[in-house]
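Below: the structure, in structure tokens.
The values are calculated or read from the model by the stated rules, or taken from the named source; none is laboratory data. Every value quoted in this text rests on a predicted model; they were computed, and no experiment measured them. So basically every Cβ, Gly included, is an ideal-geometry build from the backbone, and we count neighbours across all protein chains shown. Surface accessibility is based on the protein's heavy atoms, side chains included, excluding ligands, DNA and RNA. Shrake-Rupley method; radii C 1.70, N 1.55, O 1.52, S 1.80 Å.
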Amino acid sequence: MKIKPLFDRVVVLPINEQKASHGGLVLPETAMSEQTIGKIVAVGSGTTFDGNSCEMFVKPNDTIVFNKYTCDEVKLDNTTHYVLRQIDIIGVLDD
Amino acid sequence: MKIKPLFDRVVVLPINEQKASHGGLVLPETAMSEQTIGKIVAVGSGTTFDGNSCEMFVKPNDTIVFNKYTCDEVKLDNTTHYVLRQIDIIGVLDD
Amino acid sequence: MKIKPLFDRVVVLPINEQKASHGGLVLPETAMSEQTIGKIVAVGSGTTFDGNSCEMFVKPNDTIVFNKYTCDEVKLDNTTHYVLRQIDIIGVLDD
Amino acid sequence: MKIKPLFDRVVVLPINEQKASHGGLVLPETAMSEQTIGKIVAVGSGTTFDGNSCEMFVKPNDTIVFNKYTCDEVKLDNTTHYVLRQIDIIGVLDD
Amino acid sequence: MKIKPLFDRVVVLPINEQKASHGGLVLPETAMSEQTIGKIVAVGSGTTFDGNSCEMFVKPNDTIVFNKYTCDEVKLDNTTHYVLRQIDIIGVLDD
Amino acid sequence: MKIKPLFDRVVVLPINEQKASHGGLVLPETAMSEQTIGKIVAVGSGTTFDGNSCEMFVKPNDTIVFNKYTCDEVKLDNTTHYVLRQIDIIGVLDD
Amino acid sequence: MKIKPLFDRVVVLPINEQKASHGGLVLPETAMSEQTIGKIVAVGSGTTFDGNSCEMFVKPNDTIVFNKYTCDEVKLDNTTHYVLRQIDIIGVLDD
């Protein structure tokens, strides 16, 4: 079961320090001052809240930095998902 | 008796853990951290509050994740209905 | 004496549980969690606060669900009238 | 000496219960729950705060329902005038 | 030395009750409930904060009613000037 | 080293009462009720925060009245600079 | 590993007083009243939050003045990065 976001929202799974899923790199959550990193698993179709279409600059599998407090948190199948608007993404992590 | 929503609002019935109505799946409300899941029973005609037409991305029978606190709650025929704007839907659940 | 609303406002009379005026149906106010139902008695000409024309989706005699706290309350001829904007109508009740 | 309102503002004189000026009708202020009724004595030229022209739906001698707390109060020649924007008029009273 | 206002602002000198400068009329400040009257001494070129041009409905020597608390107060050459936006003028006083 | 402002911002140096730099005039800061006067040393290219171009009504060497509390204060080379948006300038001082 | 900003955001590294990285100049953070200076390391593609394209007035290696409290702070590889919107840059420092 998956969450399909609407508008310009994205769904993100936080990267767990034990998984070391980003190119072998371990990024403990505490190393990111107030922020969280995560991997995008779904993106909306690209529409602003005004109803205008907008470009989605991120795609599934992108690793992003975000702040939990700008997100809706959804626990599904014992996994915490974060849903946030694209404009609240702080940045995309490049290797 | 039914509630017909206006503008970009939708009417949702929360899915009860005893009903297991989503493909046999039981989704206890407590499993969704701060969120609620529900089934859409009616959608507005697709108009923003500014009076512009807008696309409705959801339809009756869609299962959505939403937050009760962004909703108006209406009790009708002993059933609790939630009315919210499409832009406040956190996501649509796919099987 | 009547109240003629301007812009996209509507005037509503709350439906009293003793009157049973909606198709013989008695809808006690306490059955509607935080909401009130009422019958529309007048609608504005259809203009947003920005001065643009807008469609009025409701008409006199429609039964609507609304929240008193989004209304201006006016007592006239010993009758309480509620005046609210169309965008604050939670929904229209269909039989 | 008169107050000429600008933009979409109107100037209103509250109707005093002793004057019975609305078709012989006496409307004590206490009969209007939180609202005041008054007679319009001047209307602005019809411009929104954004600088766009807008239609004025009211004219001098119209009797309106309004809320004092959305008004600027001006005492001139020992008479209290209320100045408010057209969008804050709750409704026009028809005989 | 003078203050030249920008955008849709105007500069106003409050009318002192001792000066009786408005057609011989003495308007003590206390006669105006919460408001102040003053004479406009300068007006901006007519531009909204969004950068669009807008009509200036007032001109130097107009007597206006305004509220000090919507103004910036500037003391220059021992004289108190009030600077406010045209949209905050409550009304123009006509003789 | 200089501060180059962006958008519709300007950089201002407050005029010190000892410098008497405005045509020999001494304007002690305390003579300006809540306001400060200063000389513009740099102006932005003229763009609103929405990205639209806008006219800059002020230029370097203009003397303006402004409020410190609408400014960002920057101390550079032991000199206090104020950076503010053009729309927050209260007025330009003419001789 | 780098942070790629989206929209009109920029990523900034604060200039440390020990590094004297700006043309040999040492700018101790305490010399900047409430502000911080830093060097831009990445800029977004130039899009406002409304989805419109906008000009980016800054580029990598520009030295800017900014306020930490308008930023998201991200600690990566033991280095503190600040991410802010272009409109929150107080100014660009020219030599």
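None of D:N67, D:N61 is open to solvent by 50 Å² or more (accessible area, probe 1.4 Å) and modelled with pLDDT of 95 or more except D:N61. Evaluating G:A31 against the criteria (1) closer than 27 Å to A:F57 by Cβ; (2) at pLDDT below 90 leaves one unmet condition, (1). Taken over region G:72-90, the residue count meeting the criterion of being closer than 20 Å to F:G51 by Cα, out of contact with any Lys or Arg (no Cβ under 6 Å at 6 or more places or on another chain) and either facing chain F (nearest Cβ under 9 Å) or not aliphatic (A, V, I, L, M) (or both) is 5.
Considering the conditions (1) open to solvent by 30 Å² or more (accessible area, probe 1.4 Å); (2) within 19 Å of B:Q86 (Cβ to Cβ), A:T80 is excluded by exactly one of them, (2).
Take the conditions (1) within 11 Å of A:L6 (Cα to Cα); (2) in contact (Cβ under 8 Å) with a residue 60 or more places away in the chain; (3) in a strand (DSSP E or B); B:V74 misses just one of them, which is (1). State yes or no: is B:L6 in a loop (DSSP other than H, G, I, E, B), at pLDDT 50 or above, facing chain A (nearest Cβ under 10 Å) and surrounded by 13 or more Cβ atoms within 10 Å (Cβ to Cβ)? Taking the combined requirement at face value, the residue does not satisfy it.
Annotation: of all residues in region E:43-58 being open to solvent by 20 Å² or more (accessible area, probe 1.4 Å) and assigned to a strand (DSSP E or B), the one that is nearest to D:N52 (Cα to Cα) is E:S53. Among the residues of region D:9-28, the one identified as modelled with pLDDT under 95, not aliphatic (A, V, I, L, M) and not in a loop (DSSP other than H, G, I, E, B) is D:H22.
The residue that is nearest to A:I90 (Cα to Cα), among those in region A:54-66 that are facing chain G (nearest Cβ under 8 Å) and out of contact with any helix residue (DSSP H, G or I) (no Cβ under 7 Å at 6 or more places or on another chain), is A:V65.
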